1. Kindly state, to the nearest 0.05, the FRET efficiency for residue 58 paired with residue 236, given R0 = 30 Å and r defined as their beta-carbon distance.
2. Could you give the length gained by full extension between residue 359 and residue 299, i.e. 0.36 nm per residue of separation minus their alpha carbon distance, to one decimal place?
3. Taking a virtual spin label 7 Å from the Cα of residue 307 along the C-beta vector, which residues in the stretch 313-334 bring their backbone nitrogen under 12 Å of it?
4. Using a Förster radius of 51 Å, what is the FRET efficiency between residue 323 and residue 280 based on their Cβ-Cβ separation? Nearest 0.05, please.
5. Counting other beta carbons within 10 Å of each residue's own, what order do 280, 55 fall into, fewest first?
6. For the pair residue 117/residue 265, report the inter-label distance in nm, with labels modelled 7 Å from Cα in the Cβ direction.
7. Please give the calculated 222 nm ellipticity per residue for the chain, where each DSSP H segment of at least 4 residues contributes -39500 (n - 2.57) and the sum is spread over every residue; nearest 500 deg cm²/dmol?
8. Over the chain, what number does the Rg to Rh ratio reach, with both radii from the alpha-carbon atoms and Rh per Kirkwood?
Ligand code: BGC
């Protein structure tokens, strides 16, 4: 009755029906995929994380493992503490293991092109997590907190904090940026400078070191000791008699290093910004030392990334709310951006109300 092709089609149709009937959530171990491009529920999902340069990465590890497992996937979550070549090898191994999605928080977003292409050729979907993957078309989606907005909030917090201490300028400030191999670092800095530059131009702000360019402000590897050393040097060179009113710090780890430097020079602590809501920085804010941080709740970011994986598994398109901001040099990467929240002592209690760890520190 059926020709060979007709028979094959009928078998495929029955198989598809069976698949629908048993429901995708029960998993199909054979790695079969739906017509619209989904994949088996228990597939390997790779998560390549960078070095543990801040608490958010450490939190992400546990959240990815738990969240992916409870959604039925097989997580393979790796840190690349040894650096870029370790991360390259980890991504290659994920491809060998048949990962259907690889989520990447890159150490150096420009150094993974070969491995990402290998992953795409093997049929994996690539999600850039927190940090953009640069100069490659082998990246499908980006999920992050709005990095430019983070910088704007930091710049504004610096101005507000200094104004609260001393109603009118001029104010002396110094500028710190993150690691230049992290695609976020320049975006944070540009966001902050979009607020600060007009005030530098009109004389409200003075950078006594003269180091106003991103390249002069960077902190290799996001390392605390590098920021501390640079702050020591800046203080010795420009702030023997002049007061230092504020420091733009791109994250909490560096903020605390800057405060350590200022304290050991015996100077009053200036207004220092931060990011990440790290435990030690929230304590410092409550104690009146660090001025501000940013709340980028890692639970929400990981949940959004896992939500993308679920959509892909079901053969659907992940949610996107920005398709123009993140050009990586080769393509504009469709992104889902979450809103960062500025936190100072004044709103800490409210900001961390649903965070079991941080809410304890704001009582
Ligand atoms: C993240 C920040 C973090 C920094 C250092 C950045 O890419 O967005 O939250 O402070 O890396 O780990």
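Coordinate-derived values only; no laboratory data. Fair warning: this is a prediction, and the values are worked out from it, not measured in the lab. Using ideal geometry, Cβ is built from the backbone for each residue, glycine included, and neighbour counts are taken over all protein chains shown.
1. Working: r = 34 Å, r/R0 = 1.13.
Between residue 58 and residue 236 the formula returns 0.30.
2. Numbers: separation 60, 0.36 × 60 = 21.60 nm, distance 1.50 nm.
Extra length from residue 359 to residue 299 when fully extended: 20.1 nm.
3. Hits in the stretch 313-334 for residue 307 at 12 Å: 318-321.
4. Working: r = 37 Å, r/R0 = 0.73.
Given R0 = 51 Å and the Cβ-Cβ separation, E is 0.85.
5. 280, 55
6. About 4.7 nm separates the two model spin labels.
7. Working: 13 runs with 159 residues, N = 363.
Dividing the helical sum by the residues of the chain leaves -13500 deg cm²/dmol.
8. Values: Rg = 23.6 Å, Rh = 22.0 Å.
Taking Rh as the inverse mean 1/r over Cα pairs, Rg/Rh reads 1.07.
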